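Asker: One structure coming up, written as structure tokens, with questions to follow.
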Amino acid sequence: MEPETVESGRKQSVEPNEQRTTNNEQRDFLWPAVLLLSTGAICALTFANVQSPLRGALALWFLLICPGLALVRLLRIGGILIEWMLTITVSIALDTGVATVMVYAGQWSPNRGLAVLAVITVAGAVLQLQLHERKGASRQVAV
């Protein structure tokens, strides 16, 4: 059974591949936006020294998900479960790596560590958007 859309009172059939492409395009913009908003929010709360339970919850979300998601989505793995498992693993590895380098360098600072992770996250989100833009441009040329 084909999905249908209603446009101007007429029913039009939507190809399943078109619908899947639209969902993927929305997802391609959704996650970079979530990453950028999460990074901005945790940096604002942390650098403004806001004492709130929200800050703790947002820090946990950011540290466990955001840096890894920014990089793992660049791999275009496809499997949701594998993508999320790698996201958490890569995030923990990045958190640990940044902290370890800072301790060995004698430059330990939670705020600096957050700043490094924020730069990694923003860079990954921007790369995701650029790859999506290139993919869209190549699709338009191919048509």
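Listed here are the residues, each with its yes/no results for (1) among the charged types (D, E, K, R); (2) over 14 Å from the mean Cα position of the chain (by Cα).
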{"site": "Cys43", "(1), (2)": "no, yes"}
{"site": "Val50", "(1), (2)": "no, yes"}
{"site": "Ala57", "(1), (2)": "no, yes"}
{"site": "Leu74", "(1), (2)": "no, no"}
{"site": "Glu83", "(1), (2)": "yes, no"}
{"site": "Ile88", "(1), (2)": "no, no"}
{"site": "Gly97", "(1), (2)": "no, yes"}
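Asker: Determine which single condition Gly68 fails, assuming it passes every other condition in (1) assigned to a helix (DSSP H, G or I); (2) farther than 24 Å from His132 by Cα; (3) not hydrophobic (A, V, I, L, M, F, W, C).
Answerer: Single failed check for Gly68: (2).
Asker: Would you mind stating whether Leu86 is under 19 Å from Ala123 (Cβ atoms) and loosely packed, with under 14 Cβ neighbours inside 10 Å?
Answerer: Considered against the rule, which asks whether it is under 19 Å from Ala123 (Cβ atoms) and loosely packed, with under 14 Cβ neighbours inside 10 Å, Leu86 comes out as no.
Asker: Same structure, new question: Among the residues in region 48-61, are any within 30 Å of Arg134 (Cβ to Cβ) and exposed (fewer than 12 other Cβ atoms within 10 Å of the Cβ)?
Answerer: no
Asker: Moving on to the next point. Before we move on, is Leu74 in a helix (DSSP H, G or I) and either loosely packed, with under 10 Cβ neighbours inside 10 Å or modelled with pLDDT of 95 or more (or both)? Even if it seems obvious, please write down each step before you answer.
Answerer: Values: in a helix (DSSP H, G or I): yes; either loosely packed, with under 10 Cβ neighbours inside 10 Å or modelled with pLDDT of 95 or more (or both): no.
When the stated conditions are applied, Leu74 does not pass them.
Asker: So, one more: Kindly provide the set of residues from region 30-47 that are surrounded by fewer than 17 Cβ atoms within 10 Å (Cβ to Cβ) and more than 18 Å from Leu75 (Cβ to Cβ), ordered by number.
Answerer: Passing the criteria: Ala33, Leu37, Gly40, Ala41, Ala44, Phe47.
The values are calculated or read from the model by the stated rules, or taken from the named source; none is laboratory data. Computed from a prediction, not measured in an experiment: that's the story for all the values here. Ideal geometry is used to build each Cβ from the backbone, glycine not excepted, and the neighbour counts take in all protein chains shown.
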